[in-house]
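Data block below; observations after.
The values are calculated or read from the model by the stated rules, or taken from the named source; none is laboratory data. Computed from a prediction, not measured in an experiment: that's the story for all the values here. Reconstructed Cβ throughout: ideal geometry from the backbone, glycine too, with neighbour counts over all protein chains shown.
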Protein chains: 2
Amino acid sequence: MRITGHMLIGQGSVSGTAGAFKALSPALAADIEPAFGGAAPADVDQACRLAASGFARYRETTPETRASFLEAIATGIEGLGDDLIERAMAETALPRARLEGERARTAGQLRLFAGVVRAGHWHGATLDTPLPDRTPLPRPDLRRRNVPLGPVAIFGASNFPLAFSVAGGDTASALAAGCPVVVKAHPAHPGTSELVGRVIQAAVAEYGLPEGTFSLLFGVGNDVGQALVGHPAIRAVGFTGSRAGGLALLRQAMARPLPIPVYAEMSSVNPVLLLPHALVDRAEGIAREFVDSLVMGVGQFCTNPGLVIALEGDDCDRFEAEAGRIVQGKPAGTMLTPGIGRAYAAGVAHLRAHEAVRSVATGESSSGACAATAHLFATDAASFLAFPELGDEIFGPCSLIVRCRSAADMAAVLDGLEGQLTATLQMAPADEALAAELLPRLEDRAGRILVNGFPTGVEVSHAMVHGGPFPATSDARSTSVGSAAIERFLRPVCYQNFPSSLMPAALADFNPLALDRHVDGSLSPPSRRD
Amino acid sequence: MRITGHMLIGQGSVSGTAGAFKALSPALAADIEPAFGGAAPADVDQACRLAASGFARYRETTPETRASFLEAIATGIEGLGDDLIERAMAETALPRARLEGERARTAGQLRLFAGVVRAGHWHGATLDTPLPDRTPLPRPDLRRRNVPLGPVAIFGASNFPLAFSVAGGDTASALAAGCPVVVKAHPAHPGTSELVGRVIQAAVAEYGLPEGTFSLLFGVGNDVGQALVGHPAIRAVGFTGSRAGGLALLRQAMARPLPIPVYAEMSSVNPVLLLPHALVDRAEGIAREFVDSLVMGVGQFCTNPGLVIALEGDDCDRFEAEAGRIVQGKPAGTMLTPGIGRAYAAGVAHLRAHEAVRSVATGESSSGACAATAHLFATDAASFLAFPELGDEIFGPCSLIVRCRSAADMAAVLDGLEGQLTATLQMAPADEALAAELLPRLEDRAGRILVNGFPTGVEVSHAMVHGGPFPATSDARSTSVGSAAIERFLRPVCYQNFPSSLMPAALADFNPLALDRHVDGSLSPPSRRD
């Protein structure tokens, strides 16, 4: 498939006129053809208006149609073959195996949501039996289900050009919920975005869906995103990126005449707690797995282990020495963009110059705007508490060990942390009392808690939570990975005394969709219903 | 029980020093003893710190303990007997029957949430079976449940001194979720608030709960509320009141270093659509029921029918004539506070003076700061669309009929409306095609849709939605009435590869809490589990 540099507005292919840009090869520091044109305000408005006008019909599509549509997108992405992988490799410097894995995850996500749409738990179907003879007042017939919010604006992420971009988790869950989607492509991988966008555009046509079901806009800078979030047709926002970017969108969305929910995934250092007996047993083994997790994908994961919290002593020293030894041997990597490379270098320089931080180890270095060297630093609990900025995320292969004198120190360090996507316990059976004591603090601060694993590698499944208290995300009540992500784009509606002719199928007598429904507060499977 | 005028901070009884005030009898325009002292910043801080320190233990209470605690509050409120009813009558001018009914609703809500806590759907227990042999990577053991957000600030509402006040729906659902509560009492009914607060305080002691589980603060003006919403220990806000008040809290909560969710119920005109065949059949009957709903409780309900949308013509004329005739005979009522009375008078005066509005009927009048006369006005669709302020809520027994020339006019009027708590269809079977055409617009704008009823009278049940798009509420994804209200104060946490010794009971092997759980995407009732 040829990459044209055009935006996709409904079924149209539109050459943007608001500034031209090209993708940059981070490895070669060279532009990649063709040029992409940015969206003018009229383009944003057209995409949003199409989405709004298409919503009425898209929301009424049957679960089977929506599921098949999502599966067609998955198949279409696979059908792009090596064109997609090679373009993504050129634009991101991510290796082939990673991108092939990410493509499989992306297709798997779309198919997972097809299954979610068919299974129907997302309807939230809930019925109260009417009590016509109740005194002093009868109870009416009340039935509740979830309906889609409306058009969703989605921002592609730089670090997942497939799985959190044009047809990524946000798009899959919004389309599954019945919401049209307007994607603002990340300017670091516009060609990858166009290829995937054309697959969605074709699937929209194939299934006879309203053309506003999907649009793809380009733009460098903040103008397009701000116009999108400010557009009255947009009813929710999905974003993965920087803390500053997410916060700006959140504030803008709240200041609208009609405030809308923003699901921004922003910033997390993913603390890893090394409990004492685990260190006695496995200091070197933990160090090896830790560094593997730290440098994977040049550290460019939201779940990268950027903070290690351990009790000081001989075992902690063994961990630190082994982790340092391994880091020193790690080759430099190529980051996604020069901007990410600069931010990483600045974060590392800040730690290196910090009076309370010492350098444990530095990986191999390389030249180039996007080159990144692995770093391991250490500090003590008192200093970490005295300098809260030491808890800020440095996006890349850099981590900080916080050495604690006592379990109380570890608890205090946890109490000082902001919200996190993940928290990890490395523990032995003899650490269980301490782990149980720390667990409520971890539950209070993180969306996912791991035992004896590392946080990189996020399973796309039903029980996954990829979310967490601020600033990990802007809304800790949700997840952006896994089947529960669909709930972000739904809201409940109650139907009181509806005649059967108007009743939505999910709530109808005789349960035609064969859903699990809550009846009078108890779950009622389809077999013993009505 | 003697009313002392003291705040309840944990187990303490504290005389507030930041300004004294007394309750006002709206009927007598006279102060009621005793004086109440407002909370100083140190009082707010103490209540919030107690809540934060009590959270760790309160969240770990068993479902049975929390359920019994809620039931003890219900029984305690009933045990206050006539002391409570008489104080509430004096402070609100609401009649005995209404307050006795509201007391029953309040106790019923607490018992409903006791049942919700025991039934356990709120855990959201979800398990993914590990796949240790999967390639290229094994799937870990992933289990998800909901945990409480933390201390919740709750603002008592003026119009429900029991059901949406100190032990009202917000408090019941937050306590059920495992969240400590700090209530800011509404200054219009401080004595009622103290009586109920002492019941909760005693129940906290009786069940050996942390004293920070509940506190009750007083204050006139915005200082106490702002200090509460700005306190770092507070993790969510429940509010029922004015649009300006709710918006101010929402903006403050979003500007915090740690933004928190605000559940503000603010403003709704609750459109009632009169479809043509229903008017042919029942114009006069609809008019009678409509006016009953309009003047109930002096119109001081969030679900008061403040807007009627009808096709013009003879049948509409019959409806208008009959409704006007009945309104003219309605006696004046006494509103809750002089402030509400002034706001109502101003809203009525604005409509009366509006060039595009004519007065249909005026009820009987009376003197006094809190006296309110019923009003019925009319306009046409074109004027309604030209003057958006005609869609603003006027809190009280006042409604506006919008006469439409066509079904397209009706749709355009709906399209121009902001978000609503409710929307109502008065329809006959022959109206079904029109109703079906309008329904998606209603779903998009309202939390509850009624057929052939009136929106006042909100059932407290499982399928209820008392919520809706902005400005009806600040978060359309939630309800403040009914069992789903508990979800507002929960967030999901995922447990990866947890040993059984650390696993929360809701997720443990062999399902010790006998919950309905989702396993690999399907519902698994307790009987066929593990």
Problem set entry | Residues that are free of Cβ contacts under 8 Å to residues at least 60 places away in the same chain and more than 21 Å from A:E265 (Cα to Cα), drawn from region A:410-430 | A:A411, A:A412, A:D415
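To keep it simple, each residue is scored yes or no on (1) within 17 Å of A:P148 (Cβ to Cβ); (2) more than 14 Å from the chain's Cα centre (by Cα).
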| position | (1), (2) |
| --- | --- |
| A:F454 | no, yes |
| A:V465 | no, no |
| A:A472 | no, no |
| A:D475 | no, no |
| A:T479 | no, no |
| A:P492 | yes, yes |
Seminar exercise, completed: Result of the Cβ filter at 8 Å on region B:431-446, keeping first residues that are more than 7 Å from chain A (Cβ to nearest Cβ) and closer than 15 Å to A:Y58 by Cα and partners that are among the charged types (D, E, K, R) and in a helix (DSSP H, G or I), at least 6 apart or interchain, is B:R441/B:D415
Exercise. Restricting the first residue to region A:90-105 and requiring it to be in the same structural domain as A:I73 (by TED's automatic domain parsing) and farther than 26 Å from A:A369 by Cβ, which pairs with a second residue that is modelled with pLDDT of 95 or more and among the hydrophobic types (A, V, I, L, M, F, W, C) meet a Cβ separation below 8 Å and a spacing of at least six or different chains?
Worked result: A:E100/A:I85; A:R103/A:I77; A:R103/A:L84; A:R103/A:I85; A:R103/A:L162; A:R105/A:L162; A:R105/A:A163; A:R105/A:V460
Exercise. What is the one condition in (1) assigned to a helix (DSSP H, G or I); (2) touching a helix residue (DSSP H, G or I) at 6+ places or on another chain (Cβ under 9 Å) that A:G396 does not satisfy?
Worked result: (1)
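Tell me, which strands (runs of 3 or more DSSP E) wholly within region B:212-276 include 1 or more residues that are surrounded by 24 or more Cβ atoms within 10 Å (Cβ to Cβ), in contact with an Asp or Glu (Cβ under 6 Å, 6 or more places away or on another chain) and within 12 Å of another protein chain (Cβ to nearest Cβ)? Talk me through it step by step, then tell me what you get.
Numbers: elements: B:214-217, B:236-240, B:262-265, B:271-274.
Output list reads B:262-265.
In the set B:T135, B:T126, which member is more than 24 Å from B:V465 (Cα to Cα) and crowded, with 21+ Cβ neighbours inside 10 Å?
Working: B:T135 fails: crowded, with 21+ Cβ neighbours inside 10 Å.
Exactly one residue qualifies, and that residue is B:T126.
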Exercise. Can you tell me which residues in region B:456-491 are basic (K, R) and either within 7 Å of chain A (Cβ to nearest Cβ) or not in a helix (DSSP H, G or I) (or both)?
Worked result: B:R477, B:R491
Seminar exercise, completed: Note on region B:299-344: residues assigned to a helix (DSSP H, G or I), aliphatic (A, V, I, L, M), surrounded by 18 or more Cβ atoms within 10 Å (Cβ to Cβ) and out of contact with any Cys (no Cβ under 8 Å at 6 or more places or on another chain) are B:A323, B:I326, B:V327
Exercise. Hey, any hits in region B:67-79 for a residue that's in contact with a Gly (Cβ under 9 Å, 6 or more places away or on another chain), small (G, A, S) and over 18 Å from B:I3 (Cβ atoms)?
Worked result: yes
Problem set entry | Qualifying residue in region A:91-105 (condition: β-branched (V, I, T) and within 30 Å of B:S524 (Cβ to Cβ)) | no
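Go through B:H466, B:H462 for me and flag whichever is touching a Gly at 6+ places or on another chain (Cβ under 7 Å) and more than 25 Å from B:L250 (Cβ to Cβ). Give the steps one after another, and end with the answer.
Values: B:H466 fails: more than 25 Å from B:L250 (Cβ to Cβ).
The match here is B:H462.
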Exercise. Which residues, counting only those in region A:369-393, are in a helix (DSSP H, G or I) and surrounded by fewer than 19 Cβ atoms within 10 Å (Cβ to Cβ)?
Worked result: A:A382, A:S383, A:L385, A:A386, A:P388, A:E389
For this session: Filter region A:174-194 for residues that are closer than 19 Å to A:L99 by Cβ and either in a loop (DSSP other than H, G, I, E, B) or among the polar types (S, T, N, Q) (or both) and give the result.
Result: A:A185, A:H186, A:P187, A:A188, A:H189, A:T192, A:S193
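Give B:A90, B:A56, B:A67, B:A114 a once-over and let me know the one that is modelled with pLDDT under 95 and among the hydrophobic types (A, V, I, L, M, F, W, C). Step through it out loud before you land on a result.
Numbers: B:A90 fails: modelled with pLDDT under 95; B:A67 fails: modelled with pLDDT under 95; B:A114 fails: modelled with pLDDT under 95.
Testing whether each residue is modelled with pLDDT under 95 and among the hydrophobic types (A, V, I, L, M, F, W, C) leaves just B:A56.
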For this session: Report, by residue number, each residue of region A:119-137 that is more than 8 Å from chain B (Cβ to nearest Cβ) and either at pLDDT below 95 or farther than 13 Å from A:A506 by Cβ (or both).
Result: A:T129, A:P130, A:L131, A:P132, A:D133, A:R134, A:T135
Problem set entry | A:P148 vs. criteria touching a Gly at 6+ places or on another chain (Cβ under 6 Å), under 19 Å from B:I449 (Cα atoms), surrounded by 24 or more Cβ atoms within 10 Å (Cβ to Cβ) and within 14 Å of chain B (Cβ to nearest Cβ) | yes
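Could you pull out the residue among B:G363, B:G368, B:G324, B:G391 that is at positive phi, in contact (Cβ under 8 Å) with a residue 40 or more places away in the chain and not β-branched (V, I, T)?
Numbers: B:G363 fails: at positive phi; B:G324 fails: at positive phi; B:G391 fails: at positive phi.
Sole residue among the options that is at positive phi, in contact (Cβ under 8 Å) with a residue 40 or more places away in the chain and not β-branched (V, I, T): B:G368.
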For this session: Pull up region B:505-530, narrow it to residues that are more than 9 Å from every other protein chain (Cβ to nearest Cβ), surrounded by fewer than 15 Cβ atoms within 10 Å (Cβ to Cβ) and part of a loop (DSSP other than H, G, I, E, B), then point me to the one that is modelled with the lowest pLDDT.
Result: B:D530
Problem set entry | Which numbered condition B:R57 misses (of (1) without any contact (Cβ under 8 Å) to a residue 24 or more places away in the chain; (2) surrounded by fewer than 17 Cβ atoms within 10 Å (Cβ to Cβ)) | (1)
Problem set entry | Options A:G208, A:G197: the member that is at pLDDT 95 or above and assigned to a helix (DSSP H, G or I) | A:G197
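Looking at B:F387, B:F377, which one is closer than 22 Å to B:G419 by Cα and out of contact with any His (no Cβ under 8 Å at 6 or more places or on another chain)? Before you say what the answer is, go through the steps one by one.
Numbers: B:F387 fails: out of contact with any His (no Cβ under 8 Å at 6 or more places or on another chain).
The match here is B:F377.
Can you confirm whether B:G208 is away from chain A (no Cβ under 14 Å), free of Cβ contacts under 8 Å to residues at least 12 places away in the same chain and surrounded by fewer than 24 Cβ atoms within 10 Å (Cβ to Cβ)?
Values: away from chain A (no Cβ under 14 Å): yes; free of Cβ contacts under 8 Å to residues at least 12 places away in the same chain: yes; surrounded by fewer than 24 Cβ atoms within 10 Å (Cβ to Cβ): yes.
Yes: the conditions hold for B:G208.
Return the total of residues in region B:459-510 being more than 22 Å from A:G521 (Cβ to Cβ), of a type outside the set (V, I, T) and touching a residue at least 24 places away in the same chain (Cβ under 8 Å). Please lay out each step first, then the result.
Initially, region B:459-510 is screened for residues more than 22 Å from A:G521 (Cβ to Cβ), giving B:468-476, B:491, B:493-504, B:508-510.
Still in the list and also of a type outside the set (V, I, T): B:468-472, B:474-476, B:491, B:494-504, B:508-510.
Pick out the ones that are also touching a residue at least 24 places away in the same chain (Cβ under 8 Å) and you get B:468-472, B:474-476, B:491, B:494-498, B:503-504.
Residues that pass the stated criteria total 16.
A quick yes/no check of all residues on (1) modelled with pLDDT under 95; (2) farther than 26 Å from B:E102 by Cβ; (3) in contact with a His (Cβ under 7 Å, 6 or more places away or on another chain); (4) not β-branched (V, I, T):
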site: B:E418; (1), (2), (3), (4): no, yes, no, yes
site: B:T424; (1), (2), (3), (4): no, no, no, no
site: B:L434; (1), (2), (3), (4): no, yes, no, yes
site: B:D444; (1), (2), (3), (4): no, yes, no, yes
site: B:H466; (1), (2), (3), (4): no, no, no, yes
site: B:F470; (1), (2), (3), (4): no, yes, no, yes
site: B:R477; (1), (2), (3), (4): no, yes, no, yes
site: B:V481; (1), (2), (3), (4): no, no, yes, no
site: B:R488; (1), (2), (3), (4): no, no, no, yes
For this session: Given the conditions (1) over 22 Å from the mean Cα position of the chain (by Cα); (2) surrounded by fewer than 24 Cβ atoms within 10 Å (Cβ to Cβ); (3) within 30 Å of B:L523 (Cα to Cα), report the number of the one that A:R111 does not fulfil.
Result: (1)
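Here is a check on your reading of the model: is B:S365 assigned to a helix (DSSP H, G or I) and of a type in the set (S, T, Y)? If you could, list the steps in order and put the result at the bottom.
Values: assigned to a helix (DSSP H, G or I): no; of a type in the set (S, T, Y): yes.
The answer is no for B:S365.
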